[in-house]
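Here the structure comes first, spelled out in structure tokens, and everything after it is commentary.
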Amino acid sequence: MKKTVLITGGAGFIGSHVVRLFVNTYPDYAIVNLDKLTYAGNLQNLVDVENAPNYTFVKGDITDAEFVQQLFQQYQFDGVIHLAAESHVDRSISNPMEFVTTNIIGTVTLLNAARANWKDAANDKRFYHISTDEVYGSLGEEGFFTEETAYDPRSPYSASKASSDHLVRAYFHTYGLPIVVSNCSNNYGPNHFPEKLIPLMIHNIITGKPLPVYGKGENVRDWLYVVDHARAIDVIFHKGVNGETYNIGGYNEWKNIDLVHLLCKIMDNKLGRNPGTSAQLITYVKDRAGHDLRYAIDSAKLTRDLGWKPSLQFEEGLAKTVDWYLANSAWLTNITSGDYLKYYEQQYHQR
Ligand code: NAD
Ligand code: DAU
């Protein structure tokens, strides 16, 4: 069936994998990627699909109501997959307002355009909001986040995402907008911007720089390969039930320090270094303010209702990821030679 689908934030890390999956899997769909190309957006992520006949890139800002309304009128979207966001917790601590503007105002701007343009036949439409497990707050040593867990966001980033989730659900209850929401755990894989833990460590191991571990490195994250997240998004977009929320996770919990040691081991091997060489770079630095201790997702509903499961074991996914970064050193250099260097100075040299 032909559809025109708007994907926001498609030049970012997860968005680029979602765009690629949809462009390649659904030749009958017209995929429109709307992205502002902030520091995190990179069209290099999509060179393999940029000339596909069913793909269009539009540079623009989701907070610009007039522009978004015109875009909806021009393309008559059947569906929206909304990923555009400010996504880095540390940046939200130093600049919360940008997160409020993009993540909250931007989401409402899209909801308003969908509502205005989908007055009739709204049931054939779908507004899919991509969110995070961080809205649920921080777990102790036991337990999992389920779809019923009460929201308890603790960083400006997660508070802005929680707010946007509430607004999306409010548009379902108040206006009957056909929405679906998913909350995913930490992603990793190719094209991950090197301010986040795994690509930052890979970059610093390659270049022999210190590996900055926050606090004691005992915080736990549940890691999922980004292509498995994109597969889950495909399934939920097509088979999810309006008004429902689906948790997505890997049942793959790692303490940060153990993960960094595993990366050091994989990379010593791949770079032909003596075992233990890279681990000498590990440096404990000041902890993140309000650092959530542990995230862990229960994704049983998604598996039970829609049949999704992660496809990759972590060691395999991590090895694939390291191989991608080693084979794409130009991608990494392009990023790390620019603005990111300034951010890096500010983030770590004040600690
Ligand atoms: P990212 O930072 O890599 O990409 C965000 C993209 O949004 C960039 O391409 C950026 O240019 C674009 N963007 C930002 N502001 C915009 C605006 N005003 N208008 C249009 N485009 C704009 O983020 P990511 O890690 O790929 O995350 C994508 C989504 O998934 C986010 O909503 C995030 O909250 C969510 N999420 C991320 C993870 C993760 O581990 N990275 C996990 C769960 C959920
Ligand atoms: O859980 C999903 C979330 O995962 C997403 O919603 C966010 O967009 C995404 O950025 C990610 O958030 P985290 O804060 O968990 O990811 P980050 O890579 O920034 O940090 C992972 C862990 O590693 C966290 O406990 C902080 C720690 N860390 C991070 C960096 C950048 C370090 O110890 N040192 C570092 O230099």
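Quick note: the coordinates plus some simple rules give every number you see, no bench work behind them. Computed from a prediction, not measured in an experiment: that's the story for all the values here. Virtual Cβ from ideal backbone geometry, glycine too; neighbours counted across all protein chains shown.
Annotations
- Taken about its Cα centre, the chain carries a charge dipole of about 360 debye when Lys and Arg each add +1 at the Cβ and Asp and Glu each add -1 at the Cβ.
- Cα-based radius of gyration for the stretch 136-216, normalised by 2.2 N^0.38 Å, reads 1.48.
- Assigned charges on the beta-carbon of Lys, Arg, Asp, Glu; the stretch 243-350 dipole about Cα centre (debye): 160 debye
- 3J(HN,Hα) from dihedral phi, the stretch 304-317, Karplus parametrisation 6.51/-1.76/1.60, rounded to Hz, x for glycine, proline: 5, 7, 10, x, 7, 9, x, 9, 10, 6, 4, 4, 5, x
- Amide H contacts of Leu293 (H built 1.01 Å from N, under 5 Å, at least 5 apart or other chain): Leu139
- Given charges at Cβ of Lys, Arg, Asp, Glu: the chain dipole, positive-most of Gly208, Ser164, Gly9: Gly208
- Shape call, the stretch 40-132: gyration tensor on alpha carbons, a/c limit 1.5: oblate
- Protection proxy ranking of 6-15, 96-105, 127-136 - average other beta-carbon atoms within 10 Å, highest first: 6-15, 127-136, 96-105
- FRET efficiency for the pair Gln76 and Gln280, taken as 1/(1 + (r/R0)^6) with r the Cβ-Cβ distance and R0 = 51 Å, rounds to 0.30.
- GluC sites (Glu not before Pro) lying in DSSP loop within the stretch 138-220, provided at most 10 other Cβ fall within 10 Å: Glu141, Glu142, Glu148
- Rounded to the nearest 10 degrees, the angle from helix 339-349 to the longest Cα principal axis of the chain is 50 degrees.
- At an R0 of 45 angstrom, the distance between the Cβ atoms of Thr207 and Lys119 translates into a FRET efficiency of 0.25.
- Positive-end residue of Gln73, Ala300, Ala279, charge dipole of the chain with Cβ unit charges: Ala279
- When DSSP beta bridges are restricted to pairs lying wholly in the chain, around 10% turn out antiparallel.
- Placing unit charges on the Cβ atoms only, positive for Lys and Arg and negative for Asp and Glu, gives the stretch 176-291 a dipole magnitude near 360 debye about its Cα centre.
- In order along the stretch 234-250, phi translates into HN-Hα couplings of 4, 5, 5, 4, 8, 10, x, 9, 3, x, 8, 10, 10, 8, 10, x, x Hz, rounded to whole numbers, per the Karplus curve 6.51 cos²θ - 1.76 cosθ + 1.60 with θ = phi - 60° and x for Gly and Pro.
- The chain: angle of helix 156-175 to the longest principal axis, Cα-based, in degrees nearest 10: 20 degrees
- Relative to the longest principal axis of the Cα atoms of the chain, the long axis of helix 13-25 lies at roughly 50 degrees.
- Loop-resident sites, the stretch 49-150, for trypsin sites (Lys or Arg not before Pro), counting at most 15 other Cβ within 10 Å (DSSP): Lys119
- Mean projected area (nm²) of the alpha-carbon convex hull when the stretch 251-338 is viewed from all directions: 8.6 nm²
- For the stretch 211-351, the share of DSSP beta bridges that are antiparallel, to the nearest 5, is 40%.
- Summarising the overall dimensions of the stretch 197-305 from its C-alpha atoms, the Rg and Dmax are 17.3, 54 angstrom.
- Selected from Ala85, Ala232, Ala52 as most flexible by GNM, with the chain as the system and alpha-carbon contacts under 10 Å: Ala52
- CD proxy at 222 nm, helix term only [per DSSP H run n ≥ 4: -39500 (n - 2.57); per residue of the chain; nearest 500]: -12500 deg cm²/dmol
- GNM result for the chain, Cα springs below 10 Å: residue of Val58, Val220, Val23 fluctuating most strongly: Val58
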